[in-house]
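Just below is one structure, and these are the notes that go with it.
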Amino acid sequence: MNHVKLKNLPKSDRPYEKFLNFGEQALTDSELLSIIIKSGTKEMSSMEIARQLLVGKHNNILNIYDYSIEDLCHFPGIGKVKAIQIKAVAELSKRITKTNSGYHLRLDSPESIANYYMEQMRHLKKEVLIVAFFDTSCKFLGDTVLSVGCINYTIVSPREIFKSALEYNAKAVVLLHNHPSGVPIASSDDKKITKRVQEAGKLMDIQVMDHIIIGDNRYFSFKKENIIE
């Protein structure tokens, strides 16, 4: 394969110059990624390395969410420092998406809540249970991670959920957990957990407004499906 160094490309085709002349929107994913990678090897330019990173499970920029530091270090020219930089950019993109979605977060809208947590949870390799807290005026107060690993009826503790709710002075909660398979279908355990937490919430005068299961860019809402009222 012919190796073309970036400095040998026409100026208009070099990522840095293209960025300055036409703006970031004009660059392809591989060109933007090559700017982060910065330098290549004797055999490959940063652009060629970037293109390799985009070939895989998703065949697009979503690959960088799935790669671990160790995975990235197997690519030519990617050491630990560059791998950390790439993962830092991926994490920043999640946080930007979440922050932007937060402006539209509404307790009465399962879609807005699912969108808020989608990028944070859809790529996780393990099941994670998050509880979101709201006040009497439906204002979002914050959230907490309650469990990491297999989420089942015996592990989820209503006591821990409502202990955290009291710390936030919350009057309503929304349960969220992800399905690493990417398929957000409610299991019998999911339904049992929801009912158990709902019953405990009634005793505490704290309403369980919804239980949302996050999949791969899809979600399942107990409220939307009328399983929870």
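Before we move on, is Phe220 surrounded by fewer than 19 Cβ atoms within 10 Å (Cβ to Cβ) and among the hydrophobic types (A, V, I, L, M, F, W, C)?
No.
Out of Val55, Val89, which single residue is surrounded by fewer than 16 Cβ atoms within 10 Å (Cβ to Cβ), modelled with pLDDT of 90 or more and outside any helix (DSSP H, G or I)?
Val55
Of everything in the range 35-52, what is in contact with a helix residue (DSSP H, G or I) (Cβ under 7 Å, 6 or more places away or on another chain) and either part of a helix (DSSP H, G or I) or under 15 Å from Lys87 (Cβ atoms) (or both)? Give them in sequence order.
Across the range 35-52, the qualifying residues are Ile35, Ile36, Ile37, Ser46, Met47, Ile49, Ala50, Arg51.
In the range 109-161, what count of residues is obtained for those that are crowded, with 19+ Cβ neighbours inside 10 Å, of a type in the set (Ser, Thr, Tyr) and at pLDDT 90 or above?
Final tally of qualifying residues: 1.
The values are calculated or read from the model by the stated rules, or taken from the named source; none is laboratory data. Nothing here was measured: the structure is a model prediction, and the numbers come from that model. Backbone-built Cβ (ideal geometry, glycine too); neighbour counts: all protein chains shown.
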